[in-house]
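Trainee: Dumping the structure here so I can ask a few things about it.
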């Protein structure tokens, strides 16, 4: 199944979403202004903290990145953007970030926060469409966290591909930019440098739509010691970039089906995979087949079927509240308040 090449309708919807996001950004009075995600407590004070939160928390390692404002949410929180030069992949690209209000609450000043790496579908370059306020990913997480449906995730939104010519399956395809290393090494290292995170893999997850859902699925199965969960909406379950031609061994090393089988055979560690798919898109049978074959042992799966939903981000975000965001939140580490 190759559903990575969108239909004209899907392309138009994606273009409209990107245009809307950019227009919203342009209307923001503080777009381009410096923004910081520094801790409400000095690093020295935080490093002297004792207790459950301190024991589980990794304080920012530095060096700190310089962020500018991309968008501002209604609650006053900011979506910032910076350019990351990947030390391990050698790739340079943009990364957008958002931290919830709880991150700046002195009650959580000594605690790490769970991280959600959010990946787009489509070209995934030069922007990540989750950075726009129109799709309401960040505002929904803010709302759900207040309602007890979701953890207050730090949302990290890297570019998915090195260019708009091809998709790279979030992998180190021989002879191509190392997008697998970018996604699972450089981006997490960047987050650890700038934010209070958790030492445990229980503080790390992916979410994504279409090709971004595939990359999140593949990354969790490939690096289960580092990532706990994924919400994969409308994904493929096998790598199908045309750039794999002539590199079948490497392609199979990035195949979620092979990776899931290997994880089952070695009995863990446990990963939690929340699939989503709309009734107006194809692929439901494929996801059910994947779950039947590989959803066993340490590979925990669930499926959210979106009635009337299409293959688009506007269907996927509201549907996350119908089970997926609660499910992964229950399996992940929550911020720990000071006693």
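Trainee: Hey, among 210, 139, which residue is under 15 Å from the mean Cα position of the chain (by Cα) and farther than 20 Å from residue 60 by Cβ? Steps first, please.
Mentor: Working: 139 fails: under 15 Å from the mean Cα position of the chain (by Cα).
Of the residues listed, the single one that is under 15 Å from the mean Cα position of the chain (by Cα) and farther than 20 Å from residue 60 by Cβ is 210.
Trainee: With respect to residue 283, is the statement that it is in contact with a strand residue (DSSP E or B) (Cβ under 9 Å, 6 or more places away or on another chain), more than 28 Å from residue 152 (Cα to Cα) and in contact (Cβ under 8 Å) with a residue 60 or more places away in the chain true?
Mentor: On the way: in contact with a strand residue (DSSP E or B) (Cβ under 9 Å, 6 or more places away or on another chain): yes; more than 28 Å from residue 152 (Cα to Cα): yes; in contact (Cβ under 8 Å) with a residue 60 or more places away in the chain: yes.
Spelling it out, residue 283 is indeed in contact with a strand residue (DSSP E or B) (Cβ under 9 Å, 6 or more places away or on another chain), more than 28 Å from residue 152 (Cα to Cα) and in contact (Cβ under 8 Å) with a residue 60 or more places away in the chain.
Trainee: When you check residue 125 against the structure, is it surrounded by fewer than 22 Cβ atoms within 10 Å (Cβ to Cβ) and in contact with a strand residue (DSSP E or B) (Cβ under 9 Å, 6 or more places away or on another chain), yes or no?
Mentor: Working: surrounded by fewer than 22 Cβ atoms within 10 Å (Cβ to Cβ): yes; in contact with a strand residue (DSSP E or B) (Cβ under 9 Å, 6 or more places away or on another chain): yes.
Here the answer is yes, as residue 125 does meet what is asked.
Trainee: For residue 2, are the conditions met, namely being surrounded by 12 or more Cβ atoms within 10 Å (Cβ to Cβ) and either modelled with pLDDT under 60 or not in a loop (DSSP other than H, G, I, E, B) (or both)? Before you say what the answer is, go through the steps one by one.
Mentor: On the way: surrounded by 12 or more Cβ atoms within 10 Å (Cβ to Cβ): no; either modelled with pLDDT under 60 or not in a loop (DSSP other than H, G, I, E, B) (or both): yes.
For residue 2, the condition - surrounded by 12 or more Cβ atoms within 10 Å (Cβ to Cβ) and either modelled with pLDDT under 60 or not in a loop (DSSP other than H, G, I, E, B) (or both) - is not met.
Trainee: Of the conditions (1) crowded, with 24+ Cβ neighbours inside 10 Å; (2) in contact (Cβ under 8 Å) with a residue 40 or more places away in the chain, residue 190 fails just one. Which one is it?
Mentor: Single failed check for residue 190: (1).
Quick grid of which residues meet (1) surrounded by fewer than 16 Cβ atoms within 10 Å (Cβ to Cβ); (2) at pLDDT 95 or above; (3) on the phi < 0 side of the Ramachandran plot; (4) outside any loop (DSSP other than H, G, I, E, B):
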| residue | (1), (2), (3), (4) |
| --- | --- |
| 263 | no, yes, yes, yes |
| 268 | yes, yes, no, no |
| 274 | no, yes, yes, yes |
| 280 | yes, yes, yes, no |
| 297 | yes, yes, no, no |
| 304 | no, yes, yes, yes |
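Trainee: Identify the residue in segment 78-90 that is touching a strand residue (DSSP E or B) at 6+ places or on another chain (Cβ under 8 Å) and surrounded by fewer than 19 Cβ atoms within 10 Å (Cβ to Cβ) and, among all such residues, is farthest from residue 155 (Cα to Cα). Explain how you work it out, then say what you get.
Mentor: If we filter segment 78-90 for residues that are touching a strand residue (DSSP E or B) at 6+ places or on another chain (Cβ under 8 Å), which is where we start, we get 78-86.
Keeping just the survivors that are surrounded by fewer than 19 Cβ atoms within 10 Å (Cβ to Cβ) gives 82-83, 85.
Details: 82: 14, 83: 16, 85: 19 Å.
Restricting to residues being touching a strand residue (DSSP E or B) at 6+ places or on another chain (Cβ under 8 Å) and surrounded by fewer than 19 Cβ atoms within 10 Å (Cβ to Cβ), the top hit is 85.
Trainee: Has segment 198-217 got at least one residue that is surrounded by fewer than 19 Cβ atoms within 10 Å (Cβ to Cβ), in contact with a strand residue (DSSP E or B) (Cβ under 6 Å, 6 or more places away or on another chain) and assigned to a strand (DSSP E or B)? Steps first, answer last, please.
Mentor: Step one: list which residues in segment 198-217 are surrounded by fewer than 19 Cβ atoms within 10 Å (Cβ to Cβ), which gives 199-200, 202.
From what is left, the residues that are in contact with a strand residue (DSSP E or B) (Cβ under 6 Å, 6 or more places away or on another chain) are 199.
Restricting the remaining residues to those that are assigned to a strand (DSSP E or B) gives none.
Within segment 198-217 (the criterion being surrounded by fewer than 19 Cβ atoms within 10 Å (Cβ to Cβ), in contact with a strand residue (DSSP E or B) (Cβ under 6 Å, 6 or more places away or on another chain) and assigned to a strand (DSSP E or B)), the answer is no, since none of the residues qualifies.
Trainee: Okay, next question. Scan segment 128-153 residue by residue and report those that are surrounded by fewer than 24 Cβ atoms within 10 Å (Cβ to Cβ) and more than 19 Å from residue 315 (Cα to Cα).
Mentor: 145, 146, 147, 148, 152
Trainee: Being surrounded by 19 or more Cβ atoms within 10 Å (Cβ to Cβ), over 17 Å from residue 160 (Cβ atoms), touching a strand residue (DSSP E or B) at 6+ places or on another chain (Cβ under 7 Å) and in contact (Cβ under 8 Å) with a residue 12 or more places away in the chain is the requirement here; does residue 112 meet it? Please lay out each step first, then the result.
Mentor: Details: surrounded by 19 or more Cβ atoms within 10 Å (Cβ to Cβ): yes; over 17 Å from residue 160 (Cβ atoms): yes; touching a strand residue (DSSP E or B) at 6+ places or on another chain (Cβ under 7 Å): yes; in contact (Cβ under 8 Å) with a residue 12 or more places away in the chain: yes.
Against the criterion (surrounded by 19 or more Cβ atoms within 10 Å (Cβ to Cβ), over 17 Å from residue 160 (Cβ atoms), touching a strand residue (DSSP E or B) at 6+ places or on another chain (Cβ under 7 Å) and in contact (Cβ under 8 Å) with a residue 12 or more places away in the chain), residue 112 qualifies.
Trainee: In addition: How many residues does segment 91-104 contain that are surrounded by fewer than 17 Cβ atoms within 10 Å (Cβ to Cβ) and touching a residue at least 12 places away in the same chain (Cβ under 8 Å)?
Mentor: The first filter runs over segment 91-104 and keeps only residues surrounded by fewer than 17 Cβ atoms within 10 Å (Cβ to Cβ), leaving 92, 101, 104.
With touching a residue at least 12 places away in the same chain (Cβ under 8 Å) added as a condition, the list becomes 101, 104.
The qualifying residues number 2.
Trainee: Out of curiosity, is residue 107 surrounded by fewer than 18 Cβ atoms within 10 Å (Cβ to Cβ), touching a residue at least 60 places away in the same chain (Cβ under 8 Å) and in contact with a helix residue (DSSP H, G or I) (Cβ under 6 Å, 6 or more places away or on another chain)?
Mentor: Working: surrounded by fewer than 18 Cβ atoms within 10 Å (Cβ to Cβ): yes; touching a residue at least 60 places away in the same chain (Cβ under 8 Å): yes; in contact with a helix residue (DSSP H, G or I) (Cβ under 6 Å, 6 or more places away or on another chain): no.
No, not satisfied.
Trainee: State which residue pairs qualify: first residue at negative phi and assigned to a loop (DSSP other than H, G, I, E, B) and inside segment 53-76, second residue crowded, with 17+ Cβ neighbours inside 10 Å and at pLDDT below 95 in any location, beta carbons under 6 Å apart, and separation of 6 or more residues or different chains.
Mentor: Every condition considered, the pairs that remain are 59/46.
Trainee: Which of the residues belonging to segment 254-291 are out of contact with any helix residue (DSSP H, G or I) (no Cβ under 8 Å at 6 or more places or on another chain) and over 27 Å from residue 323 (Cα atoms)?
Mentor: Result: 262, 265, 266.
Trainee: Being assigned to a helix (DSSP H, G or I) and either in contact with a strand residue (DSSP E or B) (Cβ under 6 Å, 6 or more places away or on another chain) or without any contact (Cβ under 8 Å) to a residue 24 or more places away in the chain (or both): is that true of residue 146 here?
Mentor: Taking the combined requirement at face value, the residue satisfies it.
Trainee: Also, quick follow-up: Look through 163, 169 and report the one residue that is in a loop (DSSP other than H, G, I, E, B) and either in contact with a strand residue (DSSP E or B) (Cβ under 7 Å, 6 or more places away or on another chain) or buried (at least 20 other Cβ atoms within 10 Å of the Cβ) (or both).
Mentor: Details: 163 fails: either in contact with a strand residue (DSSP E or B) (Cβ under 7 Å, 6 or more places away or on another chain) or buried (at least 20 other Cβ atoms within 10 Å of the Cβ) (or both).
None of the others qualify; the one that does is 169.
The values are calculated or read from the model by the stated rules, or taken from the named source; none is laboratory data. Predicted model only: the values in this text are computed from it and were never measured. With ideal geometry, Cβ positions are generated from the backbone for all residues, glycine too; neighbour counts draw on all protein chains shown.
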